[in-house]
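Before any comments, here is the structure.
The values are calculated or read from the model by the stated rules, or taken from the named source; none is laboratory data. Note that the structure is predicted; figures quoted are calculated from it, not measured. Cβ coordinates were reconstructed from backbone atoms using ideal geometry, including for glycine residues, and neighbour counts include every protein chain displayed. Note: areas computed on protein heavy atoms with side chains; ligands, DNA, RNA excluded. Shrake-Rupley method; radii C 1.70, N 1.55, O 1.52, S 1.80 Å.
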Amino acid sequence: MSIGTPISALWPEPSAGPLDDAAIAARYGRADHPHLRVNFVSSVDGAVAVDGYSAGLSGEPDKRVFGLLRMLCDGLLVAAGTLRHEGYRAVRLDERRRAWRREHGLAEYPTLVVVSGSLDLDPGQKAFADAPVRPIVLTRAGATAPPGLADVADLVPCGDERVDLVAGLTELRRRGLDQLLCEGGPHLFGALTAADLVDEVCLTVAPLLAGPGPGRITAGEASPVRHLPLRHVLAAADGTLMLRYCRA
Ligand SMILES: NC(=O)c1ccc[n+]([C@@H]2O[C@H](COP(=O)([O-])OP(=O)(O)OC[C@H]3O[C@@H](n4cnc5c(N)ncnc54)[C@H](OP(=O)(O)O)[C@@H]3O)[C@@H](O)[C@H]2O)c1
């Protein structure tokens, strides 16, 4: 089904050989209840970025899993910092992945959900302007939208001083977005962790030492330590590891 760097399962059951896209997607799957999955890539020494961007960490196997996780979700949650910095474009899926979604009774594309307290967002950014599905912006009451933003996205206030993520996720689920994939960044991940909203973490470990300097995949205020059981280990032939952790 797909050609590229072979990806095999190592644990808990080693696969007989490389996995195709359908087999990889099946190992991540969709939960049968509302679920928040977080996906990050890091270096072996824990860097969230190289030269300021995640691209330096993300090889072909990570991109493949990244795309498959997008295929599996209803809503794609991203913080405004990452949307602005990484220059997010419209969410696109190739025809094969759109067909998979249709066959599974899903909308053809997931809905992009941006978390922004300031609403310092550019309505002309392709993530909004070219979106195949009208994006949602979770924001706080009293934030002032720039001209044109309300034309290209649903602005949903939740919280006064800061974006209330519990209220935000409740609203997303009310709109039928049960399976959420969060692509970061670190401050949003930290806030979701602090609010105990993270059900699953998919972590790609790139076989790189980035050295001191870059931050971690999480940032913000401290929160209690929580156990998160390991569910699978996939390995690509180039040494990239794809780890899936999920609470019961
Ligand atoms: N390695 C990876 O997988 C990966 C993934 C994603 C990002 N990154 C990297 O992470 C860096 C960007 O991170 P960042 O520091 O800008 O953090 P971020 O988490 O991407 O963005 C933080 C922003 O999110 C918005 N926000 C609104 N409500 C929030 C809440 N309750 N909690 C947290 N955030 C809230 C705020 O936007 P407003 O300012 O609009 O209010 C805040 O400034 C970049 O270098 C990017 O390349 C790496």
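Going by a ≥ b ≥ c, the root eigenvalues of the Cα gyration tensor, does the stretch 14-71 fall in the rounded group (a/c under 1.5), the prolate group (a/b larger than b/c) or the oblate group? Provide the component values of the computation, followed by the final result.
On the way: a/c = 2.33, a/b = 1.45, b/c = 1.61.
It is oblate, given that a/c is not under 1.5 and a/b is not larger than b/c.
Net charge near Leu203: determine it from the other residues with C-beta under 12 Å of the C-beta of Leu203, scoring Lys and Arg +1 and Asp and Glu -1. Residues close to Leu203 contribute a combined charge of +2.
Mean-square fluctuations from a GNM of the chain, with a 10 angstrom spring cutoff on Cα atoms, peak among Arg216, Arg231, Arg175 at Arg175. Using the Cα gyration tensor of the stretch 75-232, with a ≥ b ≥ c the square roots of its eigenvalues, what is the shape: rounded (a/c below 1.5), prolate (a/b larger than b/c) or oblate (neither)? Because its axes are fairly even, with a/c under 1.5, the stretch 75-232 counts as rounded.
Using the rule -39500 (n - 2.57) for each DSSP H run of four or more residues, divided by the residues of the chain, the 222 nm mean residue ellipticity is -7000 deg cm²/dmol. Counting only alpha carbon atoms, the long axis of helix 165-174 and the longest principal axis of the chain meet at about 80°. With respect to the chain, whose longest principal axis is taken over its alpha-carbon atoms, helix 60-72 is tilted by about 60°.
Between Ser223 and His33, the contour length at 0.36 nm per residue exceeds the Cα-Cα span by 65.9 nm. Shape analysis of the stretch 94-166 places it in the oblate category; the axes a ≥ b ≥ c from the Cα gyration tensor give an a/c of at least 1.5, with a/b not above b/c. Placing dummy labels 7 Å off each Cα toward the beta-carbon, the span from His85 to Glu108 is 3.4 nm.
Roughly how big is the chain's charge dipole about its Cα centre, with Cβ charges of +1 (Lys, Arg) and -1 (Asp, Glu), in debye to the nearest 20?
Values: 26 positive and 30 negative charges, 74 e Å.
Here the chain has a charge dipole of around 360 debye.
Residues within the reach of a label modelled at Ala55 (point 7 angstrom out along Cα to beta-carbon, backbone nitrogen below 16 Å), restricted to the stretch 85-104, are 85-90. Residues with beta-carbon under 15 Å from that of Leu180, excluding Leu180: net charge, scoring Lys, Arg +1 and Asp, Glu -1? Taking every Cβ under 15 Å from that of Leu180, the sum is -1. Subtracting the Cα-Cα distance of Arg96 and Ala22 from 0.36 nm times their residue separation leaves 25.6 nm of extension gain.
At a 1.4 Å probe, what is the % contribution of carbon and sulfur to the accessible area of the chain? Carbon and sulfur: 55 percent of the exposed surface of the chain. Each Lys and Arg Cβ is given +1 and each Asp and Glu Cβ -1; about its Cα centre, the stretch 20-74 then shows a dipole of about 160 debye. Extension gain for the segment Ala167 to Asp130, taken as residue separation times 0.36 nm less the Cα-Cα distance, is 10.6 nm to one decimal.
Counting only protein heavy atoms and a 1.4 Å probe, the chain has 47 square angstrom of accessible area per residue.
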